[in-house]
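Below: one structure, written as structure tokens.
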Amino acid sequence: MSTPDPHTFLKAILAKDFGTQDARHVNGQPHDPLLITVSRDYGARGEAIAEQLASCLAIPLYDQEILERVAKQAKIDAFKFKPQDETVSAGVSTFLYSLLTGTAGEMRTYRRQLYATVLELAKQDCLLVGRGAHLILSGRKVFRVRIVGSKLVCAKRVAEEQGIPQLEAERKVYEVNTKRHKSILSLYGDSFEHCSLEHAQNFDLVINTDHISAGGAVSLVLLALRQAGFDLRQRVLPA
């Protein structure tokens, strides 16, 4: 049985469950912004899923743009924030701080600006990829998705996409995922008791894409959004 196109799938479930009722107001009140966060393992197709989902729902997607906005607000070149964003270790950070301004306060500056940027973007419908947005918005009405995959399957995809040997791809998958995990622990460990990306309770839906296509994963997210009570009416792009 083939996986339905996400756009067609969404139209079908909305037509069945909601009909043509006006989506701009629910019980006489303006609807909350549609907020989705996507956290992903390297090679698990998280970026492709996020792009398809944002396109299907006609909402803006923010990934690298989050980092660029943080840097702009802090009046610091974006490249200076990259060590914080991608490779901060969970342990002693003195060396990494020195790569930025030489002070431990830069971590606090980065985190403060990251929070402010994510909260500003979340005033409107949007999909946010990575950067711990699922934690920053945990007190809001937000749907938090985690996309995972086994190391071997993810590495096979990376090897094929980048034209590198399987073993090299496996090392790369391990290194990138380790850096992402440590970055989250370093940035949010003092604010959240359980902030690890492996803590499933921090997410509303976890999808293993070893045997699920990007389109299939999008359909699952759309169905889960509807089941979770998110108002998706009139969010579908015209056919």
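The values are calculated or read from the model by the stated rules, or taken from the named source; none is laboratory data. Being a predicted model, the structure only gives us computed values, none of them experimental. All Cβ positions, even for glycine, are placed from backbone atoms using ideal geometry, and neighbour counts span all protein chains on display. When the accessible area is computed, the model is the full protein with side chains, heavy atoms only, and any ligands, DNA or RNA have been set aside. Shrake-Rupley method; radii C 1.70, N 1.55, O 1.52, S 1.80 Å.
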Going by what's in this entry, would Ile212 be described as farther than 28 Å from Ile136 by Cβ, open to solvent by 30 Å² or more (accessible area, probe 1.4 Å) and in a loop (DSSP other than H, G, I, E, B)? no
Arg131: passes all of (1) in contact with an Asp or Glu (Cβ under 8 Å, 6 or more places away or on another chain); (2) open to solvent by 60 Å² or more (accessible area, probe 1.4 Å); (3) outside any helix (DSSP H, G or I) but (2)
With the structure loaded, tell me whether Gln64 is more than 16 Å from the chain's Cα centre (by Cα), modelled with pLDDT under 90 and either surrounded by fewer than 18 Cβ atoms within 10 Å (Cβ to Cβ) or under 17 Å from Ala224 (Cα atoms) (or both) or whether it fails that test. no
How about region 151-170: which of its residues are farther than 24 Å from Glu198 by Cβ, open to solvent by 70 Å² or more (accessible area, probe 1.4 Å) and within 24 Å of the chain's Cα centre (by Cα)? Glu160, Glu161, Gln162
Here are the criteria: (1) modelled with pLDDT of 70 or more; (2) within 14 Å of the chain's Cα centre (by Cα). Tell me which single one Asp85 does not satisfy. (1)
Of residues in region 109-128 being out of contact with any strand residue (DSSP E or B) (no Cβ under 7 Å at 6 or more places or on another chain) and of a type in the set (A, V, I, L, M), the one surrounded by the most Cβ atoms within 10 Å (Cβ to Cβ): Leu114
Go through Leu205, Leu197 for me and flag whichever is under 24 Å from Leu67 (Cβ atoms) and in contact with a strand residue (DSSP E or B) (Cβ under 8 Å, 6 or more places away or on another chain). Leu197
Only one residue in Leu187, Leu197 is within 15 Å of the chain's Cα centre (by Cα), under 24 Å from Val142 (Cβ atoms) and open to solvent by less than 40 Å² (accessible area, probe 1.4 Å), so which one is that? Leu197
Can you confirm whether region 141-150 contains a residue that is in contact (Cβ under 8 Å) with a residue 40 or more places away in the chain, open to solvent by 60 Å² or more (accessible area, probe 1.4 Å) and touching a strand residue (DSSP E or B) at 6+ places or on another chain (Cβ under 9 Å)? yes
